[in-house]
């Protein structure tokens, strides 16, 4: 009688553990789906704004023919820092609005690509980037390998890219430009896998609605930046100029 009782208790415990694990898995999938949905909608908004702005000659003249171009170019950076620093104090609705406004302003700052590159090459590079991003993000989500060791190295690489890009503004070296573009693709490819794993790792089944929503917004912003930067560097490598 006693062995049967112990077996039943063990079986009940295993069933409870399996149900808990399944619940976390379902919650994690819903959380990651929300991250990807925010990112995808943000990219769609950016693309629509960029395309619409590029087809408005007065708007393009107002942006790139005046000092306003610096505001448009630097504003997205300000939004990223603002959202990262203040999101924990924002309401969920305010965080969402800030993300959408950021995506729209990023569209204005990227509107030049439709003038600098042919539409066919922009579309081609976009789909190449989307395919690469999907594969890298899937790897980051499914791999059992701990990618945290890549983080510091990749962030240092981003800082190096920024410094090299600023230097090349004055040098105007085509060889350095090519090197920056190749390294940029590789670094943001690595960040896509690393950031996906990190976003997955910060999920907690016990997070409340607002906390989970804000985590999803910040996760979407991170992956959005990885995608946009990888796209820009790939466009510099493979895009056909007008």
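Bear in mind these aren't lab numbers, they're just calculated from the coordinates by the rules spelled out. Since the structure is predicted, the reported quantities are computational estimates derived from the model, not experimental observations. Cβ placement follows ideal geometry from the backbone for every residue including glycine, while neighbour counts extend to all protein chains displayed.
Things worth noting here:
- Once you reduce segment 52-90 and segment 124-180 to the center of their Cα atoms, the two points are 23 Å from each other.
- One chain, two ends: residue 169 and residue 81. Fully extended at 0.36 nm per residue, the span grows by 29.3 nm beyond their Cα-Cα distance.
- Rounded to the nearest 10 degrees, the angle from helix 119-142 to the longest Cα principal axis of the chain is 20 degrees.
- The GNM of the chain, with springs linking C-alpha atoms under 10 angstrom apart, assigns the highest mean-square fluctuation among 125, 167, 182 to 167.
- Angle between the chain longest axis and helix 92-109 axis [Cα atoms, degrees, rounded to 10]: 30
- Contact order relative to length of the chain, as percent, for alpha carbon pairs under 8 angstrom and 6 or more apart: 31
- The slack between residue 88 and residue 100, meaning 0.36 nm per residue of separation minus the straight C-alpha distance, is 2.6 nm.
- Helix 2-54 vs. the chain, principal-axis angle (Cα, 0 to 90°, nearest 10): 10
- Computed label-point distance, nm, for sites residue 200 and residue 145 using a 7 Å Cα→Cβ extension: 1.3
- Which labelled figure in (i) 6, 20, 21, 17, 15, 12, 6, 2, 0; (ii) 7, 25, 33, 19, 8, 4, 3, 1, 0; (iii) 7, 29, 33, 20, 8, 3, 1, 0 is P(r) over Cα pairs in 10 Å bins from 0, in percent, once derived from the coordinates: (ii)
- Per-pair calculated FRET efficiency, R0 = 30 Å: residue 69 and residue 127 via Cβ, rounded to 0.05: 0.60
- Residues in segment 113-137 that a label on residue 242 would reach, taking backbone N under 18 Å of a point 7 Å out along Cα→Cβ: 113-126
- Here the Kirkwood formula puts the hydrodynamic radius of segment 74-200 at 17.1 Å, using every distinct Cα pair.
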